[in-house]
Amino acid sequence: MLKLKYLFENFDLAKNCIELWDHDPEHLEETLGWFRISSNAVYPFRQKDGLCFLRLCPAEEKPLADVESEIAIIQWLRAEGFPAMEPVPMKDGRLCARLATPWGGHVASCFRQVAGKPLEDIPAAPALVEGYGRCLGQLHRLMQACPYGNQRRSHRELLRETEQRLATHQAPPALLDCCRSVEHQLSLLPITKDNYGLIHYDFEPDNVFCDPQTGLFAVIDFDDMLRCWYALDVVRALDGLCDVGGDTDTPCQLPDYDPAALFLRGYRTVRSFTDADEAALPVMRRLVQLVEYAGLLHVLSEEVQHPPEWMVQLRWRLEEKMRWLAGELEM
């Protein structure tokens, strides 16, 4: 998530940037109202062949090189037949750019809407969950061969950033000790071409779509990719299984329904997931929790003067999440 100060909508900025893309001006006011802001500000707009999403991030929060490597990997995956979201070029053909605007420097890119609904909006079912696991297995199998993987940072760089944030923002000593413990545990794990490589990092039900009519999957939000153990993607997906169908009124009631087993069965139809991989899941979960805690420290590090009520409530929820994470990590 971006720092709180960046969570305000800026329709003038969005309109300024959207001019760089072909767009339908007639419905722009309507579609901009569907914006959302989290790790990026995302503003929808229409082209003649469908809905697109302008993605903006303050330049101080994300280097242009990160977006360039993300798009290169997405294009490679799409060329290999994987259903990753489609980058949309600007009028001049560029797929991303660092823009100097009256509101400061921003890194801009754009992606076309994918087919289907996010898994969190589809009733849970065995075939859906097994397909979810198979989709991640397919992604990992391809990522093993991706020629652009070395352009993304490794788990070691992620750990260094996490420890730096914990120290800078004076996290409790127990969490710094936990960070060092996780770093030590990770140093003991083998790194091979079969268990370590490029991962999505955010392969959760809100970023994976399925078309109920065709059963085909599509994946979005690749901007957090890094080089790490494939087990980290697996544990994040497993921990997110409770959100599959989470916004529906028809939870799966089958007596033998075991979503984790179904997910792993789907994954294993495409690539191996060994007992050693499964044994690494607890430390991967602790790594994710540490990174999330340190990220929230960063998000909350600057006070917003006279925050609106929604931001006051958001800060409270994020602080509650930090307290929960701290409790999990200190166990």
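How many percent of the alpha carbon pairs in the chain exceed a separation of 34 Å? Intermediate values should be presented prior to the final figure.
On the way: 13946 of 54615 pairs.
Every Cα pair in the chain considered, those over 34 Å come to 26 percent.
For the range 134-146, what does the Karplus curve 6.51 cos²θ - 1.76 cosθ + 1.60, with θ = phi - 60°, yield as ³J(HN,Hα) per residue in whole Hz, taken in order and with x for Gly and Pro?
Karplus-based 3J(HN,Hα) across the range 134-146 equals 4, 4, 5, x, 4, 5, 5, 4, 5, 4, 4, 9, 5 Hz.
Using only the heavy atoms of the protein chains and a 1.4 Å probe, how would MET311, MET331 rank by accessible area, largest first?
Order by accessible area, largest first: MET331, MET311.
Cut-off 10 angstrom, C-alpha nodes, Gaussian network model of the chain. Which of LEU241, LEU287, LEU28 fluctuates the most?
LEU28
Between the range 14-30 and the range 258-331, how far is it from one alpha carbon centroid to the other, in angstrom?
35 Å
In whole Hz and in residue order, list the ³J(HN,Hα) couplings for the range 9-19 that follow from phi through the Karplus curve 6.51 cos²θ - 1.76 cosθ + 1.60, θ = phi - 60°; x for Gly and Pro.
Result, rounded to whole Hz: 5, 9, 5, 5, 4, 4, 5, 4, 6, 4, 4.
Placing +1 on the Cβ of each Lys and Arg and -1 on the Cβ of each Asp and Glu in the range 176-231, which of PRO190, TYR201, CYS179 has its Cα farthest towards the positive end of the resulting dipole?
PRO190
How large is ³J(HN,Hα) for each residue in the range 92-103, as worked out from phi by the Karplus curve 6.51 cos²θ - 1.76 cosθ + 1.60 (θ = phi - 60°), to whole Hz, x for Gly and Pro?
Whole-Hz 3J(HN,Hα) from phi for the range 92-103: 8, x, 5, 9, 6, 6, 8, 9, 8, 10, x, 9.
Most fluctuating residue of PRO118, PRO87, PRO190 in a GNM of the chain with Cα springs under 10 Å: which is it?
Answer for the Gaussian network model of the chain: PRO190.
Please list, or write none, the lysines whose alpha carbon is within less than 21 Å of the alpha carbon of LYS5, excluding same-chain residues fewer than 8 places away.
LYS15, LYS62, LYS321
Considering only SER109, LEU158, GLN170, whose Cα is most displaced toward the positive end of the charge dipole of the range 91-192, charges sitting on Cβ of Lys, Arg (+1) and Asp, Glu (-1)?
SER109
What do you get for trypsin sites (Lys or Arg not before Pro) in the range 248-331 restricted to DSSP loop and a cutoff of at most 12 other Cβ within 10 Å of the site's Cβ?
In loop regions of the range 248-331 (DSSP not H, G, I, E or B), there are no sparsely surrounded trypsin sites (Lys or Arg not before Pro).
Quick one: in the range 183-331, what % of C-alpha pairs are over 23 Å apart?
So the pairs more than 23 Å apart make up 49 percent of the total in the range 183-331.
Based on the inverse mean of 1/r over its pairs of different Cα atoms, what is the Kirkwood hydrodynamic radius of the range 112-209, in Å?
Roughly 16.5 Å, rounded to one decimal.
Per 0.36 nm of contour for each residue apart, how much would the distance between SER38 and LEU188 grow if the chain were fully extended, relative to their Cα-Cα spacing?
In short, 50.6 nm is gained.
For n ≥ 4 DSSP H runs only, could you compute -39500 (n - 2.57) per run for the chain, divide by its residues and tell me the 222 nm figure to the nearest 500? Display every interim value, and only then the final one.
Values: 11 runs with 141 residues, N = 331.
Taking each H run of at least 4 residues, the total per residue is -13500 deg cm²/dmol.
The values are calculated or read from the model by the stated rules, or taken from the named source; none is laboratory data. The structure displayed is predicted, hence computed values, not measured ones. Neighbour counts are summed over all protein chains in view; Cβ atoms, including those assigned to glycine, are modelled from backbone coordinates with ideal geometry. These area figures cover heavy atoms from the full protein model, side chains too; ligands, DNA and RNA do not enter into them. Shrake-Rupley method; radii C 1.70, N 1.55, O 1.52, S 1.80 Å.
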